[in-house]
Amino acid sequence: MTNSQDRIVNIQGLRKVYPGKTPVEAVKGIDLTVPRGELFGLLGPNGAGKTTTISVCTTRSLPTAGSVTVAGIDVFAHPAEARRFMGVVTQFNTLDRQCTVWENIYFHCRYYGWKHAQAAARTRELLDLFKLAEREKTFVKTLSGGLAQRVQIARAIAHDPQVLFLDEPSAGLDPQSRLALWDIIRTLRERGITIVLTTHYMEEADTLCERVAIIDTARSWCAIHRPI
């Protein structure tokens, strides 16, 4: 059994209903824990509730009911504090298109309160790690989908978070870019970052994840343990 101190992500009774003339219950009561250091996958079809779950966990959406803690912090009561412990890569490109690769990572560090020298050193480290050094002066609006996704992940971990949430990170990528992305995810896992990844690709979940939860119609969950 997982010790409570090792449960870096803890979801209890999570529900999310979008109001309207016909309310939509996107998440219908989820209980889930992710141990520290694990690469955990949420596998399910489009519309199953994966993105809604991630949105709630990362403070971008408020729940209808339930609780979520990340690194022991209640993400609803203390969202700003919780965000310091998490990195997030959404389904869509959220890079600043008017900035270079270097600036996207560097300014992210400064946003989290890092001094200039520390932020510059961290930016250089990540450019080297993600093989982006030759692109540091390139404006991100000119990058291919695979390169842009690399920059997004580099930026997401720039402030050295404990948990990285990846919401369908390989969607829309060509096979070569997808394989390169998988290598990056494995490298981050080896560095001790806890990763929560959503995907509708069974091969991706099987290749990368240590444990997988299957979600369908926002309700049916089954944790599957597998060797890596």
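The values are calculated or read from the model by the stated rules, or taken from the named source; none is laboratory data. In this text, all values refer to a predicted model and were calculated from it rather than measured experimentally. All Cβ positions, even for glycine, are placed from backbone atoms using ideal geometry, and neighbour counts span all protein chains on display.
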So, in the range 110-167, exactly how many residues are farther than 25 Å from Arg36 by Cβ and among the aliphatic types (A, V, I, L, M)? 12
Only one of Gly145, Gly87 that is within 30 Å of Tyr18 (Cβ to Cβ), at pLDDT below 95 and among the small types (Gly, Ala, Ser): Gly145
Being at pLDDT below 95 and β-branched (Val, Ile, Thr) is the filter here; which residues of the range 60-80 pass it? Thr64
So, in the range 150-181, of the ones that are under 14 Å from the mean Cα position of the chain (by Cα) and more than 22 Å from Ala119 (Cβ to Cβ), which residue ends up surrounded by the fewest Cβ atoms within 10 Å (Cβ to Cβ)? Ala171
Residues satisfying the stated conditions in the range 30-54, i.e. surrounded by 16 or more Cβ atoms within 10 Å (Cβ to Cβ) and either among the polar types (S, T, N, Q) or assigned to a strand (DSSP E or B) (or both): Ile30, Leu32, Thr33, Val34, Leu39, Phe40, Gly41, Leu42, Leu43, Thr51, Thr52, Thr53
In the range 74-97, what count of residues is obtained for those that are crowded, with 18+ Cβ neighbours inside 10 Å and either aliphatic (A, V, I, L, M) or more than 15 Å from the chain's Cα centre (by Cα) (or both)? 6
Which number in (1) free of Cβ contacts under 8 Å to residues at least 60 places away in the same chain; (2) not in a loop (DSSP other than H, G, I, E, B) marks the one condition that Arg97 misses? (2)
Residues in the range 189-200: is at least one assigned to a loop (DSSP other than H, G, I, E, B), of a type in the set (Val, Ile, Thr) and either buried (at least 21 other Cβ atoms within 10 Å of the Cβ) or under 15 Å from the mean Cα position of the chain (by Cα) (or both)? yes
Conditions (1) out of contact with any Ser or Thr (no Cβ under 7 Å at 6 or more places or on another chain); (2) more than 25 Å from Ala120 (Cα to Cα); (3) of a type outside the set (Gly, Ala, Ser); (4) touching a residue at least 12 places away in the same chain (Cβ under 8 Å); number of the one not met by Thr198: (1)
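Look at Ile184 and say whether it is part of a helix (DSSP H, G or I) and either under 15 Å from the mean Cα position of the chain (by Cα) or modelled with pLDDT of 90 or more (or both).
In short, yes.
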